[in-house]
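Take a look at the structure set out below.
The values are calculated or read from the model by the stated rules, or taken from the named source; none is laboratory data. All values reported here derive from a predicted model rather than from experimental measurement. Because the Cβ atoms are built from the backbone with ideal geometry, glycine has one as well, and the counts that use them run over all protein chains shown. Calculation scope for accessible area: heavy atoms of the full protein, side chains included, ligands and nucleic acids excluded. Shrake-Rupley method; radii C 1.70, N 1.55, O 1.52, S 1.80 Å.
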Amino acid sequence: METAEFLQALQTEGRLLAAAAEEAGTDAKVPTCPGWQVRDLLRHTGAVHRWAATFVAEQRTEGRPLVEPTGLDGAELVAWYRDSHRHLVGTLANASPDVECFTFLPAPSPLAFWTRRQAHETAVHRVDAESARGGSPTGVTPEFATDGIDELLRGFHARSRSRVRTPEPRVLRVRAQDTGAVWTVRLSPEPPVTTRDASVEAECELSGPAEELYLALWNRAPLPNATGDQALAALWREASAI
């Protein structure tokens, strides 16, 4: 997917998130994030939007802590979230393609990184907001879902903080049945190593439509299908939270 496509997705997802949160109310519990209410979701996601925009707008090259607001609530908090989202979208839309700033996952450029990362950040939390409101979540395209799986497996879980580890080498396969994308996840006492292939035999395979896998791997829905060693599927459910 191109950066412009991620920007459009980010714009759409943020609007949907705000609408679902407003409908649910800031007191509502978020079933997909146990312990959270909608106010926690809005404070966190809005703060992430502002945090990300600062790196791009100010061309900051070093990380900085995320600071969430504590006093905002109700309609004022929803309005603050909408403003945070508009500010992020505007910052990314107006940024130079060659802007240099802090990132934390591999990407073709910092602008590509932040646009992609914030599109998926917002999509996942939009699902959270819709779970608080009730009803079926809004769908995403198979291509967007496939990209989100790739970012999760080859980005987040390649980092040292991933807890998806096994005492002995094991192999997990992830297969998006509608897009044909396949990932091989090599597990060990070290961080997982994931490749886009099916080059070795896997002991467990997680498969399903890309959108269902996307939500499941981000722990927003049950795994659609797991064949082989169920202990590896259980390991993902227990240890993969970001």
- Message: Limiting things to C-alpha atoms, what are the Rg and the maximum Cα-Cα separation (Dmax) for the range 85-155, in angstroms?
- Response: 13.8, 41
- GNM of the chain, Cα pairs under 10 angstrom: of Ser188, Ser84, Ser207, the biggest fluctuation goes to Ser188
- Give me the percent of DSSP beta bridges within the range 167-238 that run antiparallel, rounded to the nearest 5. 70 percent
- Query: How much accessible surface area, in Å² rounded to 10, belongs to the heavy atoms of Arg64 with a 1.4 Å probe?
  - Reply: 90 Å²
- Within the range 1-101, DSSP-loop GluC sites (Glu not before Pro) with at most 14 other C-beta atoms within 10 Å are Glu2, Glu62, Glu100
- Task: Go ahead and set up a Gaussian network model of the chain, Cα springs under 10 Å, then flag whichever of Thr184, Thr103, Thr70 fluctuates most.
- Result: Thr70
- With N set to the residue count of the range 142-242, report its C-alpha Rg divided by 2.2 N^0.38 Å to two decimal places. 0.94
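I'd like the FRET efficiency for Arg159 and Thr227, computed as 1/(1 + (r/R0)^6) with the beta carbon distance as r and R0 of 35 Å, rounded to 0.05. Could the numbers behind the result be given before it?
Values: r = 28 Å, r/R0 = 0.79.
With R0 = 35 Å, the Cβ-Cβ based efficiency is 0.80.
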- Task: Compute log10 of I(q)/I(0) for the range 1-111 with the Debye formula, placing one identical point scatterer on every Cα and leaving out solvent, at q = 0.11, 0.14 Å⁻¹, to two decimals.
- Result: -0.38, -0.61
- Task: Mind pulling up the Rg/Rh value for the chain? Radius of gyration and Kirkwood radius, both on Cα.
- Result: 0.97
- With the full set of protein chains in place, find how many percent of the accessible area of the chain is carbon and sulfur; take the probe as 1.4 Å. 50 percent
- Helix-only mean residue ellipticity at 222 nm for the chain, each DSSP H run of n ≥ 4 adding -39500 (n - 2.57), per residue, nearest 500: -16500 deg cm²/dmol
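Of the DSSP beta bridges with both residues in the chain, give the percent that are antiparallel, rounding to the nearest 5. Can you show the working numbers first?
On the way: 13 of 18 bridges.
Here the antiparallel bridges make up roughly 70 percent for the chain.
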- Message: For a quick check, take a GNM of the chain with Cα springs below 10 Å and name the residue from Arg60, Arg165, Arg117 with the largest mean-square fluctuation.
- Response: Arg60
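Just the accessible area per residue of the chain, please: how many Å² with a 1.4 Å probe?
Numbers: 11080 Å² over 242 residues.
So the chain comes to 46 Å² accessible per residue, rounded to a whole number.
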- Calculate the dipole size of the chain relative to its Cα centre from +1 charges on Lys and Arg beta carbons and -1 charges on Asp and Glu beta carbons; express the result in debye to the nearest 20. 420 debye
- Query: According to a simple spin-label model (label point 7 Å from Cα along Cα-to-Cβ), what is the distance in nm between Glu100 and Glu201?
  - Reply: 5.0 nm
- Item | Selection from Val174, Pro222, Pro189 lying farthest towards where the dipole of the chain points positive, charges on Cβ | Pro189
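Give me the percent relative contact order of the chain, please, defined on Cα pairs under 8 angstrom at least 6 residues apart.
Numbers: 422 pairs, mean separation 44.3, N = 242.
Averaging sequence separation for qualifying contacts and normalising by length gives 18 percent for the chain.
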- Please report the base-10 log of the normalised intensity I(q)/I(0) for the range 139-193, using a Debye sum with one equal scatterer per alpha carbon and no solvent, at each q in 0.20, 0.27, 0.30 (1/Å). -0.72, -1.03, -1.15
- Any chance you could tell me what percent of the C-alpha pair distances in the range 1-62 go past 15 Å? 63 percent
